[in-house]
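Engineer: Sharing a structure, written as structure tokens. Questions coming.
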Amino acid sequence: MRHRFLTPKWLLGHALVLAVIVSFPALGVWQLDRHQDAAAREAEQRERGEAPPLDADALDDEPEALRYHTVELTGRWRPDDELLLSPRPLGGQPGHHVLTPFEADGGPTVLVDRGWVPQDVEGPPVAQAPPPEGEVTLEGELVDGESARRIGPREGERATGAGADAAEIVSAPDPEAVADALEVDLPPLVVYAREGAAAEGSDLPRSPAVPDHADVDHFSYAMQWFIFTTVVAGGYPVLLWRVRRGG
């Protein structure tokens, strides 16, 4: 009877159970690490968001020291260099975010997510959602840029590096890719606008939501991996016992 569990079928089962017992707890620990990282970022975002706003001079600091801080800049918008972010729905309605460079007085030009517009708008530049003209004060939150896979014309995106004349839509808020396409220097951070991003009397664009680091429940995922491990580790010996007992 003992040799019954050494047949190829059972050996495969033993190997699968061993793989589960080894890998599933590791996945649970990985999810716990991600949970702790997300909690740390959320605490950092909350703490820095409550600090006094930074000005243009502070934008020369290291990006790690700037992210999640509120920034208050005076300067001018550059709508001719505006791009759209690849489709981002809002409330079930398809649309885009509008990315517009902002030239700060006494500081660098920064890439700003001005907010959401419906998918059927024309542009960029988006005539239905223009930024204020002249000198304005912009307030927003600094967030790390992301890596874009594509930047190019709105109809049929091309690979990164398509050139300024073709830069109309980008797959992620990537200051480096936008800077290369527009031939302008940009810090590696994106400003998510709160004030000063829409022309007076315009209801577009709608203010963007800052990326939420707590939107994935990594702790629950970790518990699921540990539960799966417990079920397999406890259930498999019972299965072997019942098979052996049944002859």
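Engineer: Sorted by packing (mean other beta-carbon atoms within 10 Å per residue), highest first, where do 111-119, 142-150, 223-231 land? Walk me through the numbers before you get to the answer.
Structural biologist: Working: 111-119: 22.7, 142-150: 17.2, 223-231: 15.0.
Sorting 111-119, 142-150, 223-231 by mean packing, highest first, produces 111-119, 142-150, 223-231.
Engineer: For the chain, with only Lys/Arg (+1) and Asp/Glu (-1) charged at the beta-carbon, what is the dipole magnitude about the Cα centre, in debye rounded to 20?
Structural biologist: Its charge dipole is roughly 3340 debye.
Engineer: A further question follows. Per-residue HN-Hα couplings for the range 235-246, Karplus 6.51 cos²θ - 1.76 cosθ + 1.60 at θ = phi - 60°, whole Hz, x for Gly and Pro?
Structural biologist: Ordered by residue, 3J(HN,Hα) equals x, 5, x, 4, 4, 4, 5, 5, 5, 5, 5, x Hz.
Engineer: Taking the Cα centre of the range 51-195 as origin, work out the dipole magnitude from +1 charges on Lys and Arg Cβ and -1 charges on Asp and Glu Cβ, in debye rounded to 20. List each step's numbers first, then the result.
Structural biologist: On the way: 10 positive and 31 negative charges, 140 e Å.
Roughly 680 debye for the range 51-195.
Engineer: Follow-up. Using 0.36 nm per residue, how much length does the chain from Ala43 to Thr137 gain when fully extended, once their Cα-Cα distance is taken away?
Structural biologist: On the way: separation 94, 0.36 × 94 = 33.84 nm, distance 2.76 nm.
Extending this stretch completely gives an extra 31.1 nm.
Engineer: If we sort 195-205, 181-191, 3-13 on the protection proxy, mean other Cβ atoms within 10 Å, highest first, what's the order?
Structural biologist: Working: 195-205: 15.3, 181-191: 19.4, 3-13: 10.7.
Answer by packing, highest mean first, reads 181-191, 195-205, 3-13.
Engineer: Among Val143, Ala167, Leu59, which residue has its Cα positioned farthest towards the positive end of the charge dipole of the range 51-195, with +1 placed on the Cβ of Lys and Arg, -1 on the Cβ of Asp and Glu, and the dipole taken about the Cα centre?
Structural biologist: Highest projection toward the positive end goes to Ala167.
Engineer: Each residue of the range 67-82 in turn: what ³J(HN,Hα) in whole Hz from Karplus with 6.51, -1.76, 1.60 and θ = phi - 60°, glycine and Pro shown as x?
Structural biologist: Whole-Hz 3J(HN,Hα) from phi for the range 67-82: 4, 6, 6, 6, 10, 10, 10, 10, x, 9, 7, 10, x, 5, 9, 6.
Engineer: What's the magnitude of the charge dipole for the range 1-136 around its Cα centre, counting Lys and Arg as +1 and Asp and Glu as -1 at the beta-carbon? Answer in Debye, nearest 20.
Structural biologist: Approximately 1840 debye in magnitude.
Engineer: Tell me what the chain gives for mean residue ellipticity at 222 nm when only DSSP H runs of n ≥ 4 count, each as -39,500 (n - 2.57), the sum divided by the residue total, rounded to 500 deg cm²/dmol. Walk me through the intermediate numbers first.
Structural biologist: Working: 4 runs with 82 residues, N = 247.
Rounded to the nearest 500, it is -11500 deg cm²/dmol.
Engineer: Taking 0.36 nm per residue of sequence separation and subtracting the Cα-Cα distance, how much length would be gained by fully extending the chain between Val22 and Ala58, in nm to one decimal? Each step should come with its number before you reach the end.
Structural biologist: On the way: separation 36, 0.36 × 36 = 12.96 nm, distance 4.79 nm.
Between Val22 and Ala58, full extension yields 8.2 nm more.
Bear in mind these aren't lab numbers, they're just calculated from the coordinates by the rules spelled out. All of these numbers come straight from a predicted model, not from anything done at the bench. Positions of Cβ are backbone-derived with ideal geometry, glycine not excepted, and every protein chain shown enters the neighbour counts.
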